[in-house]
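Before any comments, here is the structure.
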Amino acid sequence: MVGMVSSAQDLLEGLDEAQRAAASAVDGPVRIVAVAGAGKTRTVTRRITYACATGAWNPARTLAVTFSVKAAAEMRSRLTALDIGGGSEGGVGGQVKAATFHSAALHQLRKVWPDICDAPLPRLSSEPRDLVSRSIRRVESSDRFSDLEVRDVLAEINWAKVSLVAPSDYPRVCAATHRQPPAALEVQRFCDVYTAYEQEKTSRGEIDFNDILLIVCHILDDFEEAAATIRSSIGWLTVDEYQDISPLQHRLMTAWLNGNRNVCVVGDPAQTIYSFAGASSYDLMAFGDEFAPLAADIDLDADYRSTPPIVSCANRVLSKAANREAYLKLRPVREAGRRVVKTAYEDDRQEAQGVAAKISRMIAKGVDPGDVAILTRINAQQQMLCRALKDHGLRYRVRRETSWQDGELDEDAQARLAMLETMGLGAATHGVTISTIHAAKGLEFKHVFIVGCSEGLVPFGSPGPGDELEEERRLMYVGVTRAEDTLELSYGRRKDSMGGVMRSPSRFLV
């Protein structure tokens, strides 16, 4: 938070040269590639406020979209704090809309729906997994599918929708990419389930999360007056985390713009960790061609977050990437710092107990538990860690796997919780955080422990060269760059004390 800003020029004070260039480039298409810890949110919010304060933009027609409720809440909070004149509702922070793709589209849909349809707006489905289960039973006439398989089928349907793959197109896509449907379903049987799922929703007068975006795209294509209403509210568009945009979100973004070139995208191809769900850094890398000529193309490579040893570790993780040239090399700004600690324990239980003991000693010396995080590759690793922390009398909170689109069907409630967390007032903020790396994206902690750093877990499944390995490499990079002051990497040589196969350290530790 900052004090009251007295002039537009003050908004550029305290920014480094690259950040200032990005914040003052307010016209035309702009791309900002920002490494972890580069002050991305600070730069973007200064840019938006500066553009509005100088009169270059109308705040009421300014939209910033990101991928989580928490990120949107933080952006709104920072915009309000930066307002010239103190941040009243009538200021920049009170007029600029910062939202996720889905909440922005849902707001637009609710606004224009009465003008295009006499029927009520379909309800958002509260139980899409139940709809999938019903659809499978219709097609397969069987209850043999487990909850995990139902979840996997829903994930595949969501992937198809965000990838703009209709049921009729799915077999062709599978043939071209060697993609296998989940739950051991044959390709055509999955298509039948996908079709049945859409029918189940329609019969209940419901839509799902991704239908919101699809319907708004349809309105922008085919309803001229409603499209004009929507586009009139978007004079200047900023898209954060652009490396994780899906084909559907890209389709919506270009439909919003409809030739408007006042767009800024911000992202880091090295932090693309949701490819399995349809996200892709392709559009970030291709932005220069798609929107040529760019008004500005800026790299923010200075890492203000992490110590030099942590930055060096992050750079080493990426150093052997197949497409290393696509990633910026982090440049540390902080001075000195403790070396990155690497520890091999005899088994997973000893690893959990060892990490918990270290954290207990840190807290005894005055470290705030809320500044400590234990990161895992998968949810299944977390139960043992919870027990170990409990054995040491430590409070903790668990952040489990989330979609990169960070569900927000109960948008108002989640926004309030996210705002509280942004302000440091959320529940259990003083407990140790246990989180998957995916769920920790966008967060930072003074002290980070990444556990399970062995082949099979990190990278998961020990993939050979290819896209899957590179996704795991980027995930490790994201985990490492969550750390500010200290980083410890560990693994258990065996799963348990009963023996079994010996594990080898992750190739990312070498």
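The values are calculated or read from the model by the stated rules, or taken from the named source; none is laboratory data. Small disclaimer: the values here were computed from a predicted structure and weren't measured. When we count neighbours, we look across all protein chains shown, and the Cβ atoms used for this are built from the backbone with ideal geometry, even at glycine. Surface areas here come from the heavy atoms of the whole protein model, side chains and all, with no ligands, DNA or RNA. Shrake-Rupley method; radii C 1.70, N 1.55, O 1.52, S 1.80 Å.
The table for this structure:
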read-out: Cβ crowding within 10 Å averaged over residues, with 383-394, 450-461 ranked highest first; value: 450-461, 383-394
read-out: Cα-Cα over 32 Å, subset of Lys161/Lys390; Lys358/Lys441; Lys97/Lys342; Lys40/Lys495; value: Lys161/Lys390; Lys97/Lys342; Lys40/Lys495
read-out: Average projected area [Cα convex hull, the chain], square nanometres; value: 25.0
read-out: Fraction of antiparallel bridges per DSSP, the chain only, in percent to nearest 5; value: 5
read-out: Within straight-line cross-link reach of Lys329, aspartates and glutamates at Cα separation under 13 Å, skipping those fewer than 8 residues along the same chain; value: Asp268, Asp299, Asp301, Asp303
read-out: Protection-proxy order for peptides 266-275, 336-345, 288-297, each taking the mean of Cβ atoms within 10 Å per residue, highest first; value: 266-275, 336-345, 288-297
read-out: Dipole of the chain [Lys/Arg +1, Asp/Glu -1 at C-beta], most positive-end residue of Met384, Leu237, Ser7; value: Met384
read-out: Accessible surface of the chain [probe 1.4 Å, protein heavy atoms]: carbon and sulfur percent; value: 50
read-out: Accessible area per residue, Å², the chain with all protein chains present, probe 1.4 Å; value: 43
read-out: Stretch gain in nm, segment Ser142-Arg395, where the contour uses 0.36 nm per residue and the Cα spacing is subtracted; value: 86.7 nm
read-out: Protection proxy ranking of 40-50, 233-243 - average other beta-carbon atoms within 10 Å, highest first; value: 40-50, 233-243
read-out: Principal axis dimensions, region 128-201 - Cα atoms, whole angstrom, descending; value: 31, 23, 18
read-out: For Lys441, solvent-accessible area (1.4 Å; no DNA, RNA or ligand), Å²; value: 40
read-out: Size of charge dipole - the chain - debye, nearest 20, with Cβ of Lys, Arg +1 and Asp, Glu -1, no other charges; value: 1700
read-out: Farthest toward positive dipole pole in the chain [+1 Lys/Arg, -1 Asp/Glu at C-beta], among Tyr194, Ser312, Val355; value: Val355
read-out: Fully extended contour minus Cα-Cα distance, from Ala296 to Arg361, at 0.36 nm per residue; value: 18.5 nm
read-out: Cα Rg, Dmax (largest Cα-Cα span) when computed across region 147-265, Å; value: 16.6, 47
read-out: Region 297-376-region 450-510 distance, computed between alpha-carbon centres (Å); value: 13
